[in-house]
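Novice: The structure is given below, and queries will be raised subsequently.
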Amino acid sequence: MRFDILTLFPHMFSSPLRESIVGKAIEKGLIQIRTINIRDFAFDKHQVVDDTPYGGGQGMVMKVEPIARAIEWVKSQNPSAWTIYLTPQGKQFNQNICQKLSSRSHLILLCGRYEGVDERARELFVDEEISIGDYVLTGGELAAMVIIDAVSRLLPGVLGSDRSAEEDSFFNSLLEYPQYTLPFDFRGRSVPEVLLSGNHSAISLWRRREALKRTLVRRPDLLDKANLSDEEKKLLDDILQESKTDKSGDGV
Ligand code: 4GX
């Protein structure tokens, strides 16, 4: 899969994407990431990429021509590349959108700065607008990195062979169960005994229960959407019953 990032700040991408799993994926040739400096497509003497907004108002707007040339240059190499603009006005990124994007072979990520891009750049060259959440960044670069990171780990071979992205509990819309490693006892808090039992079916049952409990308490909205098995529904009933008879607190 290929990612082309259109940005005024290409250096922002070097170190975060070179580390760890995404870095390994690049080394293995599973993904290719290229930064394209939009300023290189501003052909005037001073390579101007922004200007004041028509109608007045605060800040600067990114000019359409350099963006148009940059996107058209990438598309001349691959007409099927899919162009995404990162903006708080886009649809909110989630694992579902992530999976859909992971089936594409070439994404162009357009990163806006200042007050955003000229509306005509969006109308003419953008296929999809995505927001990574309801907060305001200083530019689309960090949002683009979030997308690249989340999409890359879904691609075959990117995570270790012993660990598939499909195992993630978010994949079946539940939160993860608690994890423990050495030491057994830390400041009087010990690891749940069942995890030392060697009883794999008991461990698996405990983990499913804990995942359900945690989801019930922290993200009950996810349970509505979850496709629970009959066994999981039974477990959830048990947890709810337990919390009713438990007068010591919230039970779960
Ligand atoms: N999820 N930003 C885009 C420029 C901008 C300003 C106004 C459109 C209108 C963001 C987010 C995000 C900051 C990227 C503003 N674009 N991007 N930038 N949240 O906050 O994706």
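Novice: Residue by residue through the stretch 70-85, which ³J(HN,Hα) values in whole Hz follow from phi under the Karplus form 6.51 cos²θ - 1.76 cosθ + 1.60 (θ = phi - 60°), with glycine and proline marked x?
Specialist: Using θ = phi - 60°, the values come out as 5, 5, 5, 5, 5, 5, 5, 7, 8, x, 8, 4, 9, 9, 10, 10 Hz.
Novice: When only C-alpha pairs under 8 Å and at least 6 residues apart count, what is the relative contact order of the stretch 1-126, in percent? The partial results should precede the final answer.
Specialist: Values: 169 pairs, mean separation 41.3, N = 126.
Dividing the mean separation by the residue count of the stretch 1-126 yields 33 percent.
Novice: What distance in nm separates the two pseudo spin-label positions at residue 243 and residue 2, each 7 Å out from Cα along the beta-carbon direction?
Specialist: Each label point is offset 7 Å from its Cα along the Cβ direction, giving 5.0 nm.
Novice: If you don't mind, another one. Hey, fewest Cβ within 10 Å first, where do 127, 185, 149 land in order?
Specialist: Going from sparsest to densest Cβ surroundings: 185, 127, 149.
Novice: Among bridges DSSP assigns within the chain, what percent are antiparallel (round to 5)?
Specialist: Restricted to the chain, the bridges split so that about 20 percent are antiparallel.
Novice: Here's something else I'd like to know. Using DSSP, restrict attention to beta bridges with both residues in the stretch 69-152 and report what percent are antiparallel, rounded to the nearest 5. Intermediate results must be reported in sequence, preceding the final value.
Specialist: Working: 1 of 11 bridges.
Of the beta bridges lying entirely in the stretch 69-152, close to 10 percent run antiparallel.
Novice: Taking amide H positions as placed in the peptide plane 1.01 Å from N, state which residues far from residue 82 in sequence (5 or more) or on other chains have amide H under 5 Å from it.
Specialist: When sequence neighbours closer than 5 places are left aside, the close amide H contacts are 106, 107, 108.
Novice: Which longest run of the chain has no exposed loop site in it, a site being GluC sites (Glu not before Pro) in a DSSP loop with at most 13 other beta carbons within 10 Å, and the site itself not part of the run?
Specialist: In short, 20-175.
Novice: Now a separate question. For a test of the definition: using alpha carbon positions, the gyration tensor, and the 1.5 limit on a/c, classify the chain as rounded, prolate or oblate.
Specialist: prolate
Novice: Follow-up. So how much slack lies between residue 123 and residue 20, counting 0.36 nm per residue of separation and subtracting their Cα-Cα distance, in nm?
Specialist: Additional length available on full extension: 33.4 nm.
Novice: Moving on. Using only the alpha-carbon atoms, how far is helix 141-152 inclined from the longest principal axis of the chain? Give it as 0 to 90 degrees, nearest 10.
Specialist: 50 degrees
Novice: Using 0.36 nm per residue, how much length does the chain from residue 230 to residue 184 gain when fully extended, once their Cα-Cα distance is taken away?
Specialist: Here the answer is 13.2 nm.
Novice: What list of ³J(HN,Hα) values in whole Hz, one per residue of the stretch 31-43 in order, does the Karplus curve 6.51 cos²θ - 1.76 cosθ + 1.60 (θ = phi - 60°) give from phi, with Gly and Pro shown as x?
Specialist: 9, 10, 10, 10, 9, 10, 7, 4, 4, 5, 9, 9, 9
Novice: Run the count for the chain, please: Lys pairs, Cα-Cα under 16 angstrom, 8 or more apart or on different chains.
Specialist: Numbers: 45/63; 91/100; 213/225; 213/233; 213/234; 213/244; 225/233; 234/244.
Going through the chain pair by pair, I get 8.
Taken together, the values in this text are just the output of simple stated rules run on the coordinates, not laboratory data. Because the structure is predicted, anything quoted here is derived from the model rather than measured. Using ideal geometry, Cβ is built from the backbone for each residue, glycine included, and neighbour counts are taken over all protein chains shown.
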